[in-house]
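The values are calculated or read from the model by the stated rules, or taken from the named source; none is laboratory data. Just so you know, these numbers come straight off a predicted model, no measurement behind them. Positions of Cβ are backbone-derived with ideal geometry, glycine not excepted, and every protein chain shown enters the neighbour counts. We work out accessible area using only protein heavy atoms, side chains counted, and drop any ligands, DNA or RNA first. Shrake-Rupley method; radii C 1.70, N 1.55, O 1.52, S 1.80 Å.
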Amino acid sequence: MRTALTYLAVIVCGIFLVSGYVYWKDKTNNSVETTEKQAPVVSDTEKNNKEEKKEPADPALLSLTENWPKQAQETFAKALEDGRAYKLAIVGSAALGQEDNGWSELLKEELVHTYGEDNLEVTIFEYPVRSDQFIAEGYDEKVAKFKPDLVLFEPFALNDNGNIETEDNHDNIMSFISTVEKENEDAVIILQPPHPVVSTIYPGQIEELKEFAEEQDLVYLDHWSVWPDTDDDELYDFVLDPASAPNEKGHQLWFEYLKEYFIAE
């Protein structure tokens, strides 16, 4: 009798354990299914709350960039959509006239006023050096660390005149471009010559610079087209003696040319 009761107790205990396991498994499966069904809804809600919707770029601002290189127009539009300031670097020699409210300062002020300081950040990098010194002393790296989207580059051609070969100037330009693109592979470089001076050799070197830009598929802003000819004494009315930099009149002439390019109206 005692043995029978023992067997019966074992059987009842087994039934109880099996029933408990089945019940627990069923509840667990239901809980998992419910969580899986609800998880996407919660995740999507949190995602929508955290992510800000991108605003479309202002068509009025984009229309002002129609003279810019196509790639620069596209990266500017993307910067506006991402809500960040587009970076423009103005780079060159003392011909930029930064300390004397020259064309670079005039252009910076006009661009920021037109596009808005939240949309465009302009920094001037002025160095009274030759192009080889610009590279050797690491000034190119300082520009690159700014991570500009667009660079307006006056490549020290007048400073190089009579000091280093034209081909070396061109090599230094390519070295600078390479350094900038290491920091921002989408950066766009625009070349422009320094101011003109009354000379017989220098204009030929600038013509070679223009041809080099075409060969390298670089945009070249030929502002010389609005200056007096280099064999015309009237040019002295626009430059400081001995033609080391533009005077106030020359800076204004240079500025007006660039303004029309960077702000299409």
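So if I check each of THR230, THR166, THR200, which one is within 30 Å of LYS147 (Cα to Cα) and of a type in the set (S, T, N, Q)?
None of the other options fit; the residue is THR166.
Return only the number of the condition from (1) under 15 Å from LEU258 (Cα atoms); (2) in a strand (DSSP E or B) that THR123 does not satisfy.
Unmet condition: (1).
Given THR200, THR230, which one is assigned to a loop (DSSP other than H, G, I, E, B), of a type in the set (S, T, N, Q) and open to solvent by less than 60 Å² (accessible area, probe 1.4 Å)?
THR230
Given the structure, is ALA213 assigned to a helix (DSSP H, G or I) and surrounded by 15 or more Cβ atoms within 10 Å (Cβ to Cβ)?
yes
Would you confirm whether any residue within region 109-120 is part of a helix (DSSP H, G or I), open to solvent by 70 Å² or more (accessible area, probe 1.4 Å) and in contact with a Phe, Trp or Tyr (Cβ under 8 Å, 6 or more places away or on another chain)?
no
Could you tell me how many of the residues in region 128-167 are open to solvent by 70 Å² or more (accessible area, probe 1.4 Å) and either under 27 Å from ALA79 (Cβ atoms) or not in a loop (DSSP other than H, G, I, E, B) (or both)?
Number of matching residues: 6.
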